Amino acid sequence: MMDSKMDMEIDDAPKPEGEQDMGKPIVLILVGAPGSGKSTFCDNVMRSSSRPWVRICQDTINNGKAGTKPQCLKSAASALKEGKSVFIDRCNLEREQRAEFVKLGGPAQVDVHSVVLDLPAQLCISRSVKRTRHEGNLQGGRAAAVVNKMLQKKELPKLNEGFSRIVFCQNESDVQAAVATYAALGPLDTLPSGCFGEKKQDTKVQLGIMKFLKKTEVPKDAASGVNGGQESVCPQISKENRPCSKEAEDVSVVSASCGKEVKESEDNILTLAFPSISTADFQFNNEKASDIIVEKVDEFVGKLENARLVLVDLSNGSKILSLVKAKAAQKNIDPKKFFTFVGDITRLYSRGGLRCNVIANAANWRLKPGGGGVNASIFSAAGPALEVATKERAKSLLPGRAVVVPLPMDSPLYSREGVSHVIHVLGPNMNPQRPNCLNNDYSKGSEILQQAYTSLFDGFASIVRDQPKLPDKNPEKLKSGRSDLRDWSHTSLSNHLQNGERKDKRDDDSVTERSKKCKGSQGEIDADFNGSSSKRGKVSRDPNNIDGSTSNSWGSWAQALYKMAMHPERHKDELLEISDDVVVLNDLYAKAQKHLLVLARHEGLDSLADVHEEHLELLMTMHTVGKKWAEKFLPEDSSLVFRLGYHSVIIKELGNFNKSQMPNLDGLGQIAGSSCGYGHIGNRVPSMRQLHLHVISQDFNSSHLKNKKHWNSFNTAFFRDSVEVIEELRNHGKVTVKEESYLSTELRCHRCKSAHPNIPRLKSHISKCRAPFPPTLLEKGCLVIAPPDKQGDP
DNA sequence: GTTCTAGAAC
DNA sequence: GTTCTAGAAC
């Protein structure tokens, strides 16, 4: 379960049954050369810790003498069973040496940590030399060779070995800090997951050895380092300076092996971090979801080369994480290709030390920020750039689908975390409080969740496949390495869209065109827009005069409204009224003699679909303002009758969806819900931005009213009366929006309800029809009319 | 959101 | 031939 805490802090560990008072034991695997201070570390922690610790030391396990690895394992296992935490005090420099100790962690009952005492080789050697001299076993020079040899084989631990936490210590103060952290850990405490103190370049050890052994000059190349990766152990040694003594051969071996090490470095592995889909807010059953995750992961890891998947959850006590971890272990899924990770998905690198190129978002169908949980967190961490980039790719998402969005380089997620793509995924919903609830229909739900993971992993696979060259994942270096990635993302656009959101060619082209146009002239666009103070008509007709970077062409109108709502001061000439909550303006293409818009000024309130309980007051304000303006016109022309209301969300259809195959349903939730069954349905895109209340006179006497859609958007259930919307919001906390099919229904007079074959005939009729308005409108107070005694007055 | 226009409807 | 609509284009 996702909890609401967004930072990785010390969380309460889950309390397994029967262990009410016990926290999670820790297996702390120390990694370090002889003389690096492993035993001292353990002693220092144990001296002041309130948590029961046992030190498993291979050198002394056999009644004070050196023992075997199985002895250590056995001893560690029995200590863990008693609920004690253990130190594995042996060098553990190689992955293989650590592997069996890592397994002590089991599926989830024990946290496996590593503290790496990666101190200068010189220091380790000098300590070892002193010690071996004391013991009389080794000559000083031989001790140095042993340490050096061990360090050659050193493989720094990585999270995917099964560690939940790794702390790298490069100097004494790092070590002291790590001691303090573990010493302060009470029996019930847990520590945040991730890699800490990792160093970018690892040339010091070898340089230290060189200095120590040969006192050679350090080549300049080596000092600057060549690889930015976390394990680039590759000092360049020129021929002139290459050591030639026997002891120094070891160093050149290290150098020779560098190429291979770098190639296999985890930095070159593309990583997808994904949250569990649908199990948080959408309340999908954890057991079922974990089965699906493991099944899908198992299916995909086989296909992935040089890539891996990481399931991330925020909470240390994550049920879904434990379930998946256990089931993945049962299925023998390669832990290098898939593992679980506790942390904030928006801070995996900066706080968790885990580099992920791609993160998945448990999105909502509108692909908008908000809603809490992972979605809110990712949109917030990525900044507005993600919203913009997302809009360029898709406007909405169907359950079971995913859409790949390349993250612009100005996004903090890109620059700070090294995330190049976000894949939005929409899973099935089992929460009756959320749209498209499947009412516990797990056969359908499971099918959709499987589709969701397939779409997600396919999306990731397309990124892996299409990536010609890995971007430099060192966030500090990202900016310079971005151009190739951008080029790549364009060429593979269609490929990505196939994973769930298909746009037709026209739209694709227009998007591409637009972004091209905008790149070169962003400054001009803004200047033009801001400068043309009272030319909204021009602005609205020419998409490039709006904000090209954030909209596609037909979305410009919506963008213009949004801009007015956000910056009314720039549009004073066009606005009738400006207040904190709303602005009022004449509709540019008025569909009646009087047609005003009352625009909400709240950010994130794009349409009726975004309206929730907390907006009740705002909607009431909008109504009051709209009514006030209607009443203002009545004395001038008492024959006017006004109606106040909202359009339901207009959805632009881009795919090969055939309306006749779609049941005529009320409520957008049902549309989306039913549409999962229609695989052929294309992309459906809301066409407006910024909630606005129409205040429109009922004469509909306007040359701008030209087609069926115009008429029906004001004269069918597609038009939601303000009073009813408010009532519904008050009673149900949300507003249902009506199906778009109303827009193509037959043309009927809004007064006498007579049908008419076309717009001209209808308009001719309504200009003469004086039938009273339908009683329901009158009764519900949907109309603003002059007082009876004034009616008919000029 | 509107404009443009091919082709259906009359 | 003219009117009107629907859908592409913007």
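Every residue, every condition in (1) closer than 30 Å to A:Glu447 by Cα; (2) touching a residue at least 24 places away in the same chain (Cβ under 8 Å); (3) more than 14 Å from the chain's Cα centre (by Cα), yes or no:
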{"residue": "A:Ala362", "(1), (2), (3)": "yes, yes, no"}
{"residue": "A:Gly372", "(1), (2), (3)": "yes, yes, no"}
{"residue": "A:Phe379", "(1), (2), (3)": "yes, no, no"}
{"residue": "A:Leu397", "(1), (2), (3)": "yes, yes, yes"}
{"residue": "A:Arg401", "(1), (2), (3)": "yes, yes, yes"}
{"residue": "A:Met409", "(1), (2), (3)": "no, yes, yes"}
{"residue": "A:Val419", "(1), (2), (3)": "yes, yes, no"}
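Take the residues in region A:43-70 that are polar (S, T, N, Q) and farther than 27 Å from A:Gly23 by Cβ; name whichever of them is surrounded by the most Cβ atoms within 10 Å (Cβ to Cβ).
At the first step, the residues of region A:43-70 found to be polar (S, T, N, Q) are A:44, A:48-50, A:58, A:60, A:62-63, A:68.
Next, from what is left, pick out any that are farther than 27 Å from A:Gly23 by Cβ: A:60, A:62-63, A:68.
On the way: A:Thr60: 14, A:Asn62: 12, A:Asn63: 6, A:Thr68: 11.
Per the criteria, the residue is A:Thr60.
Just wondering, is there one or more residues in region A:731-738 that are within 14 Å of DNA strand C (Cβ to nearest atom), more than 27 Å from A:Ser638 (Cα to Cα) and surrounded by 13 or more Cβ atoms within 10 Å (Cβ to Cβ)?
So in region A:731-738, the residues within 14 Å of DNA strand C (Cβ to nearest atom) come out as none.
No, region A:731-738 contains no residue that is within 14 Å of DNA strand C (Cβ to nearest atom), more than 27 Å from A:Ser638 (Cα to Cα) and surrounded by 13 or more Cβ atoms within 10 Å (Cβ to Cβ).
Looking at region A:75-97, is at least one residue touching a Lys or Arg at 6+ places or on another chain (Cβ under 7 Å), within 22 Å of A:Gly186 (Cβ to Cβ) and of a type in the set (A, V, I, L, M)?
No.
Give A:His704, A:His765 a once-over and let me know the one that is out of contact with any Cys (no Cβ under 8 Å at 6 or more places or on another chain) and outside the structural domain of A:Val403 (by TED's automatic domain parsing). It would help to see each step written out before you state the result.
Details: A:His765 fails: out of contact with any Cys (no Cβ under 8 Å at 6 or more places or on another chain).
Result: A:His704 is the single residue among A:His704, A:His765 that is out of contact with any Cys (no Cβ under 8 Å at 6 or more places or on another chain) and outside the structural domain of A:Val403 (by TED's automatic domain parsing).
Output the residues belonging to region A:739-768 that are loosely packed, with under 13 Cβ neighbours inside 10 Å, assigned to a loop (DSSP other than H, G, I, E, B) and away from DNA strand C (no atom under 14 Å from the Cβ).
A:Lys753
So which residues in region A:620-636 are outside any helix (DSSP H, G or I) and among the hydrophobic types (A, V, I, L, M, F, W, C)? I'd like the intermediate steps shown before the answer.
Residues of region A:620-636 outside any helix (DSSP H, G or I): A:634-636.
Answer for region A:620-636, where residues must be outside any helix (DSSP H, G or I) and among the hydrophobic types (A, V, I, L, M, F, W, C): just A:Leu634.
Pairs, please: C-beta under 6 Å, at least 6 apart or cross-chain, first residue away from DNA strand B (no atom under 12 Å from the Cβ) and in region A:742-764, second small (Gly, Ala, Ser)?
Between residues of region A:742-764 that are away from DNA strand B (no atom under 12 Å from the Cβ) and residues that are small (Gly, Ala, Ser), the close pairs are A:Tyr742/A:Ala717; A:Glu746/A:Ala755; A:Arg748/A:Ala755; A:Arg751/A:Ala771; A:Cys752/A:Ala771.
The values are calculated or read from the model by the stated rules, or taken from the named source; none is laboratory data. Computed from a prediction, not measured in an experiment: that's the story for all the values here. Note that each Cβ is placed from the backbone with ideal geometry, even for glycine, and that neighbours are counted across all protein chains shown.
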